[in-house]
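Notes to accompany the following structure.
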Amino acid sequence: MESIKIAILGVGNCASSLYQGIHYYKEKKSAFGIMRENIGGYTCKNIEVVAAIDIDTRKVGKTLKEAIFSKPNCTPVYCNDVTEGPIVVRGPLLDGVANIDNLNDKEDFFIVSDEEECDVEKYLLDNGVDILINYLPVGSQKATEYYAELCLRTKISLLNCIPVFIASDPSWEKRFIETGIPIVGDDMKSQFGASILSQMLQELAITRGHHVKAHIQRNVGGNTDFLNMTNQERLLFKKKSKENVIRSQHDLNNLNQNDCFFHAGPSEYIKYYGDNKVANIHLELEGFMGAPVTLDAQLSVIDSPNSAGVVIDAIRYLKVARELGIVGALKGPSSFTQKTPPQQMSYSDSMYECDALANRELSKITKMQKKSE
């Protein structure tokens, strides 16, 4: 199989884990830790990072290998035997950096480079990029829209890992359909994180005949993602996106959302935690004859590899879709990998479409797409 040429937008912790993971699984005989070893004939060995874009002075001008291990990145190193990779170029700033009021140490956050901005469109075309991965900070609305426009002009697929709504916005999706390229989004759902756990608990409660009175999810962490979200203006769509995961089960089962109290979102930045995220989930249910059921769970995960474990699949779903001529938002893979997809699905339905794409069963995919229209 040919290489899947990707560009990374935002060389932060998630990019570090992804780049490490690509090399880690190229050398490993076992694919333990990956959801799918093979998608449409593609494995991790086929993924090639050919371009990288950032705005931080500690990363711009360095090789990708140097950049992923530079501050403010704090994710653990599981594989330092990685290739040098492309030189990180300076992209436009736009709204990519938040104003943080209580920043005690500037080394903890982004330091904007004074290097000249790259001609990003030419850079992506010159490197033959298939897929652009959006790892910009939460709240980067203008910047994400700028790069979505670039994808449309260059016919590069977008994998939108943040809660700026592109794939889930019908007007944007229409433009990707008209351009003839697939897209996956919006807002990456971790491999085994708070969102997928909340979704499965909500789905389990409803399918087992329970009324969910309250579903509360709170998250704390110490990486730049959590620090960025101490700016409340950038938090709105993240909170909405995380709650969409829980609310979706009510919609799929035609239940009244007003009968349940929902709350989900980041609650606090604690530097000490670094890239570790701690999530607390609280459910209050009513079962048989209204008998009360309460569930409290705590989940502790390393945030960035948890995200990269999903991205490594989404990349390959997009590549296969490009080869099969499937255009617009990929409904099943988006629902399986994202918090706010264009169409929320049950876990089993999203898996069905992912299976079909992984096996290149175009007739099944077409049938699912028609069913969702």
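The values are calculated or read from the model by the stated rules, or taken from the named source; none is laboratory data. These numbers were taken from a predicted model, which means no experiment stands behind them. Because the Cβ atoms are built from the backbone with ideal geometry, glycine has one as well, and the counts that use them run over all protein chains shown. Surface areas here come from the heavy atoms of the whole protein model, side chains and all, with no ligands, DNA or RNA. Shrake-Rupley method; radii C 1.70, N 1.55, O 1.52, S 1.80 Å.
Values as computed for the structure displayed
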quantity	calculated
Residue within the stretch 7-24 that is open to solvent by 70 Å² or more (accessible area, probe 1.4 Å) and in contact (Cβ under 8 Å) with a residue 12 or more places away in the chain present	yes
Answer residue from the stretch 309-354, given it is without any contact (Cβ under 8 Å) to a residue 60 or more places away in the chain and polar (S, T, N, Q) and is surrounded by the most Cβ atoms within 10 Å (Cβ to Cβ) among those	S335
Residue selected from the stretch 193-227 under the condition out of contact with any Phe, Trp or Tyr (no Cβ under 8 Å at 6 or more places or on another chain) and aliphatic (A, V, I, L, M), by the criterion nearest to G290 (Cα to Cα)	V212
I166 in a loop (DSSP other than H, G, I, E, B) and open to solvent by less than 10 Å² (accessible area, probe 1.4 Å)	yes
Which numbered condition K242 misses (of (1) closer than 30 Å to N127 by Cβ; (2) within 17 Å of the chain's Cα centre (by Cα); (3) crowded, with 22+ Cβ neighbours inside 10 Å; (4) not acidic (D, E))	(1)
Cβ-Cβ under 9 Å pairs, at least 6 apart or on other chains, the stretch 143-156 side in contact (Cβ under 8 Å) with a residue 40 or more places away in the chain and over 19 Å from E117 (Cα atoms), far side open to solvent by 60 Å² or more (accessible area, probe 1.4 Å) and part of a helix (DSSP H, G or I)	I156/L125
Subset of the stretch 17-35 (residues that are assigned to a helix (DSSP H, G or I), touching a Cys at 6+ places or on another chain (Cβ under 9 Å) and small (G, A, S))	G21
Selection from the stretch 254-301 of residues that are among the polar types (S, T, N, Q) and touching a Ser or Thr at 6+ places or on another chain (Cβ under 8 Å)	N276
From the options R175, R218, residue that is modelled with pLDDT of 95 or more and either open to solvent by less than 10 Å² (accessible area, probe 1.4 Å) or in a helix (DSSP H, G or I) (or both)	R175
Single residue of the stretch 69-99 satisfying the filter (in contact with a strand residue (DSSP E or B) (Cβ under 9 Å, 6 or more places away or on another chain), of a type in the set (A, V, I, L, M) and assigned to a loop (DSSP other than H, G, I, E, B)) that is least open to solvent (accessible area, probe 1.4 Å)	V88
Failed item, numbered, when Q191 is tested on (1) open to solvent by less than 30 Å² (accessible area, probe 1.4 Å); (2) under 19 Å from the mean Cα position of the chain (by Cα); (3) touching a residue at least 24 places away in the same chain (Cβ under 8 Å)	(1)
Criterion (modelled with pLDDT under 95 and in contact with an Asp or Glu (Cβ under 7 Å, 6 or more places away or on another chain)) met by exactly one of S248, S241, S267	S241
The stretch 28-64: number of residues that are among the hydroxyl-bearing types (S, T, Y) and open to solvent by 30 Å² or more (accessible area, probe 1.4 Å)	3
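Rundown of residues vs (1) closer than 23 Å to L159 by Cα; (2) surrounded by fewer than 22 Cβ atoms within 10 Å (Cβ to Cβ), yes/no style:
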| position | (1), (2) |
| --- | --- |
| D101 | no, yes |
| N104 | no, yes |
| F109 | no, yes |
| D114 | no, yes |
| Y123 | yes, yes |
| G128 | yes, yes |
| I131 | yes, no |
| S140 | yes, no |
